[in-house]
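Student: Below: one structure in structure tokens.
The values are calculated or read from the model by the stated rules, or taken from the named source; none is laboratory data. Everything numeric in this text was worked out from a predicted model, so none of it was measured. Positions of Cβ are backbone-derived with ideal geometry, glycine not excepted, and every protein chain shown enters the neighbour counts. All accessible areas refer to the heavy atoms of the entire protein, side chains included, with ligands and DNA or RNA removed. Shrake-Rupley method; radii C 1.70, N 1.55, O 1.52, S 1.80 Å.
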Amino acid sequence: MTGPVTTAPGRSATASSGSSGSMPRLRTPRRRHVPGRPRRSVLLTLLTGLVLLHSLLPLAWLTISATKSQQGLTRSFGLWFDHDFALWHNISETFTYHDGVFTRWLLNTLLYVVLGAGGATFLAVLGGYALATFDFPGRRAVFAVVIGAVAVPGTALAVPTFLMFSRMGLTNTPWAVVIPSLISPFGLYLMWVFATEAIPAELLEAARIDGAGETRAFFQVALPLLAPGIVTVLLFTTVATWNNYFLPLIMIKDPDWYPLTLGLNSWNAQAATAGGEAVFHLVVTGSLITIVPLIAAFLLLQKYWQSGLAAGSVKE
């Protein structure tokens, strides 16, 4: 036998109020920070935008200015196009001006990069591998010398280098640019750190037990593991050699051996000489052509470059 159902006064009141009026509003839970997800920072976003603008604005100005003629550079706004689109004409004139000397400067720069940057990368790989895998007396002293060499700016060594090469009769020759470019203390240090983290000692020991000599162990075992670090060092040395200005300035007097940096500067200085021809449109176009190989190299080797910079950042 069932009787009447009784409810508590509070509950009956709540039920009656809910039936007569609207349901009570639920509080919206606060958003909590999910572990592993980065926090959004308005200040950091603004700073990143300013850095991006600072980086892309000169490139945009250079690209737009390369589409203008000599007269268009002065009669139009710097960050907008002129009514006369002259990009293809400027490129053609850049390669044919003064009997095509720009092509000679481009080949000189490629020669300095292949011999200088390529040689510096190869020596850095050999030195970094040896310092990371072999234990010998004076290893700490070598480390101190390498760190000290990284801290010394290249301009401080320019005059002593010029005097030394002048005594040897190598000034005004390509070797005066190539030989100093072979030394890269930062590349050596970077390869040293990278090889220490990337090459397990057990792997080399296993290769030696299997009968592999030191040369074979280096080229077949260690070198593939060092690929990201090699690409990273190669990019740094390539950019440093490609943009090198001060060393060729004091070493080379013959315009036929100028790199692109000195050649474009000589074109830019023509307007200040008596009877000189102003070719600012060719300077701008040549500068745009000069940076295209560097941009292509960074885009093509980006995955290796990023992995090389991140190597050794996480310790297991």
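Student: Look through 98, 33 and report the one residue that is loosely packed, with under 10 Cβ neighbours inside 10 Å, over 32 Å from the mean Cα position of the chain (by Cα) and either at pLDDT 85 or above or part of a loop (DSSP other than H, G, I, E, B) (or both). Working first, answer last.
Tutor: Working: 98 fails: loosely packed, with under 10 Cβ neighbours inside 10 Å.
One residue alone meets the criteria, 33.
Student: Of all residues in region 243-260, count the ones that are part of a helix (DSSP H, G or I) and in contact (Cβ under 8 Å) with a residue 40 or more places away in the chain. If you could, list the steps in order and put the result at the bottom.
Tutor: Our first condition is that a residue be part of a helix (DSSP H, G or I); within region 243-260, this holds for 246-251, 255-257, 260.
With the extra rule that they be in contact (Cβ under 8 Å) with a residue 40 or more places away in the chain, the set shrinks to 246-248, 250-251, 255-257, 260.
The number of residues fulfilling the criteria is 9.
Student: Taking only region 271-316 into account, find how many residues are in a helix (DSSP H, G or I), buried (at least 17 other Cβ atoms within 10 Å of the Cβ) and modelled with pLDDT under 85.
Tutor: 3
Student: Can you name the residue in region 40-93 that is under 11 Å from residue 285 (Cα atoms), of a type in the set (A, V, I, L, M) and modelled with pLDDT of 90 or more and is also surrounded by the most Cβ atoms within 10 Å (Cβ to Cβ) among such residues?
Tutor: The extreme case among them is 66.
Student: Here is a list: 125, 152, 177. Which entry is over 30 Å from residue 255 (Cβ atoms) and surrounded by 12 or more Cβ atoms within 10 Å (Cβ to Cβ)?
Tutor: On the way: 152 fails: surrounded by 12 or more Cβ atoms within 10 Å (Cβ to Cβ); 177 fails: over 30 Å from residue 255 (Cβ atoms).
Step by step, each of 125, 152, 177 is checked, and only 125 is over 30 Å from residue 255 (Cβ atoms) and surrounded by 12 or more Cβ atoms within 10 Å (Cβ to Cβ).
Student: Here's something else I'd like to know. With respect to residue 237, determine if the residue is over 23 Å from residue 166 (Cα atoms), surrounded by 15 or more Cβ atoms within 10 Å (Cβ to Cβ) and either out of contact with any Phe, Trp or Tyr (no Cβ under 8 Å at 6 or more places or on another chain) or not polar (S, T, N, Q) (or both). Step through it out loud before you land on a result.
Tutor: Values: over 23 Å from residue 166 (Cα atoms): yes; surrounded by 15 or more Cβ atoms within 10 Å (Cβ to Cβ): yes; either out of contact with any Phe, Trp or Tyr (no Cβ under 8 Å at 6 or more places or on another chain) or not polar (S, T, N, Q) (or both): yes.
Judged against the criteria, residue 237 is a match.
Student: Let me ask something else about it. Is there any pair linking a residue in region 196-212 that is touching a residue at least 12 places away in the same chain (Cβ under 8 Å) and assigned to a helix (DSSP H, G or I) to one that is open to solvent by less than 30 Å² (accessible area, probe 1.4 Å) and among the aliphatic types (A, V, I, L, M), with Cβ under 8 Å and at least six apart or on different chains, and which?
Tutor: Cβ pairs passing all conditions: 196/132; 198/226; 204/217; 204/222; 207/217.
Student: Considering each residue of region 107-134, count those that are over 19 Å from residue 193 (Cβ atoms), in contact (Cβ under 8 Å) with a residue 24 or more places away in the chain and out of contact with any helix residue (DSSP H, G or I) (no Cβ under 7 Å at 6 or more places or on another chain), and give that number.
Tutor: First, pick out the residues of region 107-134 that are over 19 Å from residue 193 (Cβ atoms): 107-119.
If we keep only those that are in contact (Cβ under 8 Å) with a residue 24 or more places away in the chain too, we end up with 108-109, 111-113, 115-119.
Among the residues that remain, those that are also out of contact with any helix residue (DSSP H, G or I) (no Cβ under 7 Å at 6 or more places or on another chain) are: 111, 118-119.
The total comes to 3.
Student: Let me ask something else about it. Would you check which residues across region 226-263 are under 23 Å from the mean Cα position of the chain (by Cα) and of a type in the set (Val, Ile, Thr) and list them?
Tutor: 230, 231, 232, 233, 237, 238, 239, 241, 261
Student: Can you pull out every residue in region 149-176 that is closer than 19 Å to residue 118 by Cβ, part of a helix (DSSP H, G or I) and more than 21 Å from the chain's Cα centre (by Cα)? Before the answer, list the steps.
Tutor: Looking only at region 149-176, we keep the residues that are closer than 19 Å to residue 118 by Cβ, and these are 154, 173-176.
Imposing the further condition that a residue be part of a helix (DSSP H, G or I) reduces the set to 154, 175-176.
Within region 149-176, 175, 176 meet the criteria.
Student: Condition first: under 14 Å from residue 261 (Cα atoms), in contact with a Leu (Cβ under 8 Å, 6 or more places away or on another chain) and touching a residue at least 40 places away in the same chain (Cβ under 8 Å). Now tell me which residues in region 276-288 satisfy that. Write out each step before concluding.
Tutor: Just the residues of region 276-288 that are under 14 Å from residue 261 (Cα atoms), to begin with: 282-288.
Still in the list and also in contact with a Leu (Cβ under 8 Å, 6 or more places away or on another chain): 283-288.
Result: 284, 285, 286, 287, 288.
Quick grid of which residues meet (1) among the basic types (Lys, Arg); (2) assigned to a helix (DSSP H, G or I); (3) touching a helix residue (DSSP H, G or I) at 6+ places or on another chain (Cβ under 6 Å); (4) surrounded by 14 or more Cβ atoms within 10 Å (Cβ to Cβ):
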residue	(1), (2), (3), (4)
136	no, no, no, no
188	no, yes, yes, yes
218	no, yes, no, yes
223	no, yes, no, yes
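Student: Out of 96, 155, I need the residue that is hydroxyl-bearing (Ser, Thr, Tyr) and under 17 Å from residue 244 (Cβ atoms). Which one? It would help to see each step written out before you state the result.
Tutor: On the way: 96 fails: under 17 Å from residue 244 (Cβ atoms).
Every option except 155 fails the conditions.
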